[in-house]
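Take a look at the structure below.
The values are calculated or read from the model by the stated rules, or taken from the named source; none is laboratory data. Values in this document were obtained by computation on a predicted structure and should not be read as measured data. Cβ atoms come from the backbone with ideal geometry, glycine included; neighbour counts cover every protein chain shown.
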Amino acid sequence: MIKIIYIMENGKILANKIKNILDYHFYDNNIFTSKNLEIEGNEKGFIFIMASGIVLRKYLDQIKINNDKTKDGFVIIIDEFGKNIIPILSNHIGGGNYFSNLIGRELNSNVAITTATDVNNKIGIDELATKYFLEMPNKKDILKINKKVLTEKVDLILPNEWKPIKNMVNTYNVNYHDKNYVVIDDNILLNPKKIAVGIGARKNIKSHKVYWAVKKALYLRDIPLWRVDCFATVDVKKDEKGLIETVKTINKELFIFNRQDINEVYSNRNDLAKSDFVYKTIGVYGVAEPVSILGVKKISNNINIDINDIELILRKFKNKGVSIAIAVG
């Protein structure tokens, strides 16, 4: 969860504006006063609407409980009128810069990015891993590469079908190979995580509705279509023409999962959306979220992968008769 914390009445007004922005992008979030905030240690991030000194003195040490920059939640500070936005912790890996820019665009705020790679118009290895959904490099390699790219171009080898992202050619000497992993500076190998899109749909859904629902979902999480590994749905939709045509057009694999497997996911995870109506109709509480999780497990070819370790980066949302969820693992 992203926690939005305020003190004064103007902060409360701004907190609700920020909540609306995060709600539109389907990010789990909630608003707290400074008096009722509890730091649990598993938050995705914190948005403090108050003076920076209060945050630094009162909260920062509690938030950095992991003492590990690859695991900390992000921390963003905003003045109560929303004029200035300052990400101060976990700006790349945790998403501090991303969420600051997302909110800043909507509020027309000044976003003060301070990370060295960004102010030098470069892409650090941690941001590269985040943007491409790669396994995270170790801290030693993050420090090494991010320091190196500030003074010289670093060699980068991508899989053949992948495409460069912003500032890529300004940071790296980009080449391609027929392997399914990324190589940085000759000896740092990063494997891509698997990305699965789960789809549920009304009967006789038109293919264009499925297509645009998928496009919106990928837009919300900044995932290019070529980076998706597979799609997934439930067995009762195996002959749904609009769904099948869409996935065929996209030229990705479509996995069909039976309802027993889906119910097994529900029995092992308590964080999934449930609908009694859907259960009465087809015998499962939902489709998009559990099949996206099963899709990651299937495409990973790892029978030992724990479904609880697979992250739902986009929880189910509905768009004109189509439900979409995205899982990564």
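Quick notes
- Scanning the range 8-27 for residues that are in a loop (DSSP other than H, G, I, E, B) and in contact with a strand residue (DSSP E or B) (Cβ under 7 Å, 6 or more places away or on another chain), we see that the one that is surrounded by the most Cβ atoms within 10 Å (Cβ to Cβ) is Y27.
The rows are residues; the columns are (1) among the aromatic types (F, W, Y); (2) surrounded by fewer than 20 Cβ atoms within 10 Å (Cβ to Cβ); (3) modelled with pLDDT under 95.
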| position | (1), (2), (3) |
| --- | --- |
| K147 | no, yes, no |
| L150 | no, yes, no |
| N160 | no, yes, no |
| K163 | no, yes, yes |
| D185 | no, yes, no |
| H208 | no, yes, no |
| V234 | no, no, no |
| E240 | no, no, no |
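- N97 vs. criteria under 19 Å from S52 (Cβ atoms), buried (at least 18 other Cβ atoms within 10 Å of the Cβ), of a type in the set (S, T, N, Q) and without any contact (Cβ under 8 Å) to a residue 60 or more places away in the chain: yes
- When the range 31-49 is filtered for residues that are within 20 Å of E9 (Cβ to Cβ) and either without any contact (Cβ under 8 Å) to a residue 40 or more places away in the chain or not assigned by TED's automatic domain parsing to the domain that holds N97 (or both), the ones remaining, listed by number, are I31, F32, T33, S34, K35, N36, L37.
- The range 260-285 residues that are under 18 Å from D235 (Cα atoms), paired with ones that are charged (D, E, K, R) and part of a helix (DSSP H, G or I) (beta carbon under 7 Å, 6 or more apart): I282/R259; G283/R259; V284/R259
- Single residue of K71, K131, K122 found to be out of contact with any strand residue (DSSP E or B) (no Cβ under 8 Å at 6 or more places or on another chain), on the phi < 0 side of the Ramachandran plot, in a helix (DSSP H, G or I) and not small (G, A, S): K131
- If you go through the range 137-178 and keep only what is within 17 Å of E127 (Cβ to Cβ), among the β-branched types (V, I, T) and in contact (Cβ under 8 Å) with a residue 12 or more places away in the chain, you end up with I142, I145, V149, V154, I165, T171, V174.
One line per residue, one yes/no per condition, for (1) over 21 Å from the mean Cα position of the chain (by Cα); (2) of a type in the set (K, R); (3) within 30 Å of L272 (Cα to Cα):
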position	(1), (2), (3)
K3	no, yes, yes
S34	yes, no, yes
D61	yes, no, no
D79	yes, no, no
K83	yes, yes, no
G104	no, no, no
A116	yes, no, no
N120	yes, no, no
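- Among the residues of the range 179-213, those that are of a type in the set (S, T, Y) and either assigned to a helix (DSSP H, G or I) or touching a residue at least 40 places away in the same chain (Cβ under 8 Å) (or both) comprise S207, Y211.
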